[in-house]
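Below: the structure, in structure tokens.
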Amino acid sequence: MKKSRGRTGRKRGRKHLRILSFFLFLVNCSHKLEYIKLKKWLKDRGFEDSNLRPAEFLGTGRGLITTKALQVRDLIISLPEKCLLTTGTVLSSCLGEYIMKWKPPVSPLIALCTFLIAEKHVGEKSPWKPYIDVLPKTYTCPVCLEHDAVTLLPEPLRMKAQEQRMMVHELYVSSKAFFSSLQPLFAENTETIFNYSALEWAWCTINTRTIYMKHSQRECFSLEPDVYALAPYLDLLNHSPNVQVKAAFNEQTRSYEIRTNSQCKRYEEVFICYGPHDNQRLLLEYGFVAVDNPHSSVYVSSDTLLKYFSPLDKQRNAKLSILKDHDFLENLTFGWDGPSWRLLTALKLLSLGADEFTCWRRTLLGDVISARNEQQTLNITAKICQFLIEETQHVLLQISQLKRSKENLKTHLALVEALHLENLKILRRSAEILCNLSVAT
């Protein structure tokens, strides 16, 4: 007769299952030399070892797990001021005298970029080497994406990606003279050290990894806000839109502290929240997409809007002028709860009949003008939603074909694909809501 395992045995069995599922989703990285060196380096600067351990996760990649359960208001991490890389760090380095005498003054951003490039270049000689060694070698912000991947982004994001690329390029061109002034510090030619790809890497490091920390204005810098701080180890914490944290520099402890407003189980990944950003913003600024992001939405361009209204409408130009004047041609979206109020309002105004046009002010206030206007608005909204679903499916097919033919673009294409798959979920949910609304009407 088989012996019963009993309550303790059953508990142990469940525990083993949890540990097994934990290891399926995680590879502990604490034993890796670069993390051992980083932890020692941080300890030498006053950082006390916390309950966080570096690990690799399916879906989010590199992150931190907690070795103890976290409760609301628990301190996740406290990073001493000596561990933070700020413009103060830059000025106290050998770059300081060159920055202070350069005219016109460089921006705090360029000062930090220059420091990162220089420290990476000197390698073993850099006191920041343990941190530099764990920074990503490449990034997936749109500025780094290949042209074929950028062309497959949704239109509003594609425009912003091109603007981002131009901005970083202009930053490089405008900083070349300053980079040349640093020649006395290097044996190699500064043009080879401070090249475009080096600046792109440094800019992405700062854009994706800095914490907000306001510093007093210094005369040696331009008037752009000096609000950046790189936070070694802390910057391994990944984003989740479903958690809340309190993060700030503690003047009493002289440390940057993060406290959780959410619970976290032992041996689970610890998340922080970068802000209530939609997926387009997350991809643009940080180079990733969040699955089932409650803040995400699909944008509708004014060109798409106008496809469903006759150019013969005599009041069309007047309607467009009203929408533009009242800022109703931007940020028109579909979300998890269906079409936004702004989108419906814009469509209601465009759907006004000749005899209803004088009521346009009431439309902008959300009043019902007529049953015909309401029904036409719903019909056109549903058509736009269906058009966007088909357009998204077509792009996903293109991505699928490109992934097979362009092996070198797989990572970039997978990211763009993830964004479109999330958009497709939102649009299908919106289509269901519109169908139910139409039936009810």
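What the table below lists for this structure:
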{"item": "Qualifying residue in the range 134-148 (condition: assigned to a helix (DSSP H, G or I), at pLDDT below 95 and among the acidic types (Asp, Glu))", "result": "yes"}
{"item": "Subset of the range 374-426 [touching a residue at least 40 places away in the same chain (Cβ under 8 Å), of a type in the set (Ser, Thr, Tyr) and open to solvent by 80 Å² or more (accessible area, probe 1.4 Å)]", "result": "411"}
{"item": "Test result for residue 124, outside any loop (DSSP other than H, G, I, E, B), surrounded by fewer than 14 Cβ atoms within 10 Å (Cβ to Cβ) and in the same structural domain as residue 170 (by the TED database)", "result": "yes"}
{"item": "Residue match in the range 152-170 (condition: assigned by the TED database to the domain that holds residue 196, among the aliphatic types (A, V, I, L, M), open to solvent by 50 Å² or more (accessible area, probe 1.4 Å) and within 26 Å of residue 223 (Cβ to Cβ))", "result": "yes"}
{"item": "Residue 347 in the same structural domain as residue 386 (by the TED database), among the hydrophobic types (A, V, I, L, M, F, W, C) and surrounded by 15 or more Cβ atoms within 10 Å (Cβ to Cβ)", "result": "yes"}
{"item": "Check on residue 376, more than 17 Å from residue 347 (Cβ to Cβ) and either not assigned by the TED database to the domain that holds residue 304 or not aromatic (Phe, Trp, Tyr) (or both)", "result": "no"}
{"item": "Single unsatisfied condition, residue 179 versus (1) open to solvent by 20 Å² or more (accessible area, probe 1.4 Å); (2) under 17 Å from residue 99 (Cα atoms)", "result": "(1)"}
{"item": "Filter result for residue 282 (in contact with a helix residue (DSSP H, G or I) (Cβ under 7 Å, 6 or more places away or on another chain), of a type outside the set (Gly, Ala, Ser) and crowded, with 19+ Cβ neighbours inside 10 Å)", "result": "no"}
{"item": "Residue in the range 337-346 that is farther than 28 Å from residue 293 by Cβ, among the basic types (Lys, Arg) and out of contact with any helix residue (DSSP H, G or I) (no Cβ under 6 Å at 6 or more places or on another chain) present", "result": "no"}
{"item": "Members of the range 356-389 found to be of a type in the set (Phe, Trp, Tyr) and at pLDDT 95 or above, listed by number", "result": "387"}
{"item": "Subset of the range 127-151 that is crowded, with 23+ Cβ neighbours inside 10 Å and touching a Pro at 6+ places or on another chain (Cβ under 9 Å) - its residue that is nearest to residue 89 (Cα to Cα)", "result": "131"}
{"item": "Members of the range 225-267 found to be of a type outside the set (A, V, I, L, M, F, W, C) and outside any loop (DSSP other than H, G, I, E, B), listed by number", "result": "228, 235, 238, 239, 246, 250, 255, 256, 257, 259, 260"}
{"item": "Selection count where residues are more than 19 Å from residue 239 (Cβ to Cβ) and either open to solvent by 70 Å² or more (accessible area, probe 1.4 Å) or free of Cβ contacts under 8 Å to residues at least 24 places away in the same chain (or both), scope the range 56-74", "result": "3"}
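The values are calculated or read from the model by the stated rules, or taken from the named source; none is laboratory data. In this text the structure is predicted, and so the values were computed from the model without any measurement. Note that each Cβ is placed from the backbone with ideal geometry, even for glycine, and that neighbours are counted across all protein chains shown. Please note that ligands, DNA and RNA were not included when accessible areas were found on the heavy atoms of the full protein model with its side chains. Shrake-Rupley method; radii C 1.70, N 1.55, O 1.52, S 1.80 Å.
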